[in-house]
Structures are given as structure tokens and as C-alpha cells.
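We did not get these values from a lab; they are worked out from the coordinates using the rules stated. Model, not experiment: these values are computed from the prediction. Note: ideal-geometry Cβ built from the backbone for every residue, glycine included; neighbour counts use all protein chains shown.
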Amino acid sequence: MSSASPLIDRFARRITYLRLSVTDRCDLRCAYCMPERMEFLPKAEVLSLEELHRLSLHFIARGVRKLRLTGGEPLVRRDMIDLVRALGRKLGDGLDELTLTTNGTRLAEFADDLAAAGVKRINVSLDTLDRAAFAKLSRRDMLPQVLEGIAAAKEAGLKVKINAVALKEINEAELPSLIAWAHGEGHDMTLIEVMPLGEVEGDRFDHYLPLDAVRGDLERRWTLTPSDARSGGPARYVDIAETGGRLGFITPLTGNFCDGCNRVRVTATGQLYMCLGGEGRVDLRAALRSDDPDGKLAECFARAMGEKQQRHSFAIDKPGGAPAVSRHMSTTGG
Ligand code: SAM
Ligand code: SF4
């Protein structure tokens, strides 16, 4: 594999950040993410750990410096920690940061191993601290395991960022106490607007909560100072004087952030999606399994950079609206 030219799209955006889904499976069933009877991919279609590793090396050779492992729930994939260890060896040798987004249910088991492999920061998704509300929203009664996992991550020296999807009537009233809790524990926190990705059982319109409204509420309660901090992703941050912590806002609906997009996503079956909100994809698995993987992957990357769309456009503006794309976030990789 040659150390070839960087990945730059037709809008002159340089791609330095890969989100790699290692599985579409999950041990939770968050209602805004997937239906209870989610159909998962046959395991035979999913890339092997060795293929995921090889593919990652190709991206690193093309200038990717930050790699986030995600899913589905990355920690439910058996031997996933072996991939983390292998990729950890690229830190300081092409890769600046290796990180993970997890629901936290299995973090207690893996926190030490993640830290030992060179992971420094992780995102843990947690929408509520109320056990009954958690069980209802995720359709699994696993809040104690998640809290244990977050504590273990802190103990292992990992910097934890808590991500919560802001949901009208579900966690809206609890957001200030969730933020205060996260900051009290020493974790940054980010709020996310729910996106219309894939069919779910309910109507996302019923619980869509624009973050400008949440921000207005928080400003009446606390002193929010815009911060220049960036995490390499789409979040925009404020510092909160009263809690002493940092709060991010990810606003795919109310504040488009595509101009500075530096990312692409690869699914567990090796499909490269250039945009979370588009159907455009390039099949890296076929290239990887061909008799000329280097040449075919180079062709795929060139096509992807030529086709990456300028911006997504999501709307949740009326009841019963169809998803913007048919794929669930758990398939594309969050
Ligand atoms: N299972 C892991 C987790 O929950 O952190 C990783 C994958 S999950 C798809 C990544 C993130 O996407 C989570 O923070 C989750 O809350 C968020 N998410 C899932 N579906 C979403 C949707 N339709 N709109 C906005 N965020 C969503
Ligand atoms: Fe699983 Fe994450 Fe989707 Fe929840 S948001 S169902 S934890 S993939």
C-alpha cells in the first residue's frame, strides 16, 4: 500500500476522519434509532476483523488521522478489542486519535483494555438517568450496567463525553439535571437533534426537539459562553459557568454544519457512505476482496471524493414524514 495523496472532495474538503462501523447489531433498541424487531445483517456479509483493519490502514495511508469505531454497538462484537489493539499500534504512526462511540453496557468489561490500547477519549450515549425512562426508551433495563461502565471508564483514565439525543416529552425536562450530573462527574456532554434516518415504530415528529429551544431554556438558567473548542466533529460548544463543564450542540436540522465536513463513514459490510444523509455509496468490500485491492480501492476513493454531496438536508416538520434516507443510524455508524 503506497502512502498516496490525501482524500479531498470536489468542494475542497479534506477527509481526515473515518467513522467505522464494526457491527450493525446492538443489545439495546433505542426507539428513535431502530424498531424492536430490527433485522440485522447476516454475519457472513460483515467484514472480518482482519478486513476492517486492512481497510483502516488504507484510509490512514490516504490521510485519515482520526478513527472512530462505532456501530450498532461496537462492544458487542466478539474480539473487537483485538481490532482496537491493532489500530492502537498506528497511533503516532499516521493516526492521531483512536476513539469509540458506545452505549456503555459492556464498558465495565473493556474500559481497561481500551485505555491500554491507546484510546484516550470515548463517547458514551446516555439519554436519561431515570431507570424506568431508560428501560422504556431503549427497550432494555440496562441503566445500571451503563452507569457502571461509565464509572469504569473514568477509573481507567478515559476521558468520557456523554451524548444525549434531546427528545420532547422524554428527556426534555431532565436535560438540565443530566448536564449537571455529567459535568459533576467531570464529563463533557453533547446534545443531538434526532434525525429522520430509517423507519422506526413511532413518529419521530412527536419527540423532535430543536436545540435552539433547549439552548434558550438553558440560557435562562445558566451562563453559557461560546467556546472555540472543537472535537473534530460537528459539535459547537459552550462553557457553562455554574456547572464548570462544556456542553456541545449537534444540530443537523436547525444548524447545518456540512461546510466544514471532514468525515466519511464505512458500514460493517464495507460500504463507504460519503454523507450520513445521502444514499450515495461505494462498495469497498468488493474492492478489498478483488485480486487488485490497492488499485480497486484507489478507484473507489477517487469515485467517492467525486461524488461526496455538498450537504445533507433533513426535515422533521410534519407528522408522518418519511425518513430522509432508508438506512438506520445503526447501519451507517453513528
Ligand atoms: N450504539 C452506540 C451508541 O449508542 O453510542 C453507537 C452507535 S449509535 C447509532 C451512535 C449515536 O447515534 C448514539 O449517540 C445515538 O443516540 C445516535 N442516534 C441513533 N439514531 C439516531 C437518530 N435517528 N438521530 C440522532 N441520533 C441518533
Ligand atoms: Fe443501539 Fe446505539 Fe442505536 Fe441505541 S442508539 S439502539 S445503543 S445502536
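Working from label points 7 Å from Cα in the Cα-to-Cβ sense, the A213 to E109 distance is 3.9 nm. Within a straight-line Cα-Cα reach of under 22 Å, K296 can be paired with the following lysines, leaving aside sequence neighbours fewer than 8 residues apart in one chain: K308. For the chain, the relative contact order is 22 percent, taking Cα pairs closer than 8 Å that sit 6 or more residues apart in sequence and dividing their mean separation by the residue count.
Can you classify the range 213-256 as rounded, prolate or oblate using the Cα gyration tensor, where a ≥ b ≥ c are the square roots of its eigenvalues, rounded means a/c under 1.5, and otherwise it's prolate if a/b beats b/c and oblate if not? It comes out oblate by the Cα gyration axes. Compute the separation of the alpha-carbon centres of the range 259-334 and the range 173-219 and state it in Å as a whole number. So the two Cα centres are separated by 26 Å. If both residues of a DSSP beta bridge must be in the chain, then about 30% of such bridges are antiparallel.
The Cα-based radius of gyration of the chain, divided by its Kirkwood radius, gives an Rg/Rh of 0.94. Ignoring lysines fewer than eight residues from K159 along the same chain, the ones with Cα atoms less than 19 angstrom from its Cα are K66, K120.
Charges were assigned to the Cβ only: +1 to each Lys and Arg, -1 to each Asp and Glu. The resulting dipole of the chain about its Cα centre is roughly 780 debye. From helices alone, the chain scores -8500 deg cm²/dmol at 222 nm; the rule is -39500 (n - 2.57) for each run of n ≥ 4 DSSP H residues, then divide by the residue total. For the options A173, A213, A111, a Gaussian network treatment of the chain with springs between C-alpha atoms closer than 10 Å singles out A213 as fluctuating the most. Using the alpha-carbon centroid of each, what span in Å lies between the range 150-164 and the range 226-250? Cα centroid to Cα centroid, the span is 17 Å. The alpha-carbon of K168 sits under 28 angstrom from the alpha-carbons of these lysines, leaving out residues fewer than 8 places away in its chain: K136, K318. Radius of gyration (Cα atoms) of the range 189-334, expressed as a multiple of 2.2 N^0.38 Å: 1.25. Cα centroid separation, the range 11-27 to the range 55-76: 6 Å.
Cβ-Cβ distance of R65 and S177, R₀ of 41 Å, FRET efficiency by 1/(1 + (r/R0)^6): the value works out to about 0.65. In a fully extended conformation the segment linking S5 and E36 would gain 6.8 nm over its present Cα-Cα distance, using 0.36 nm per residue.
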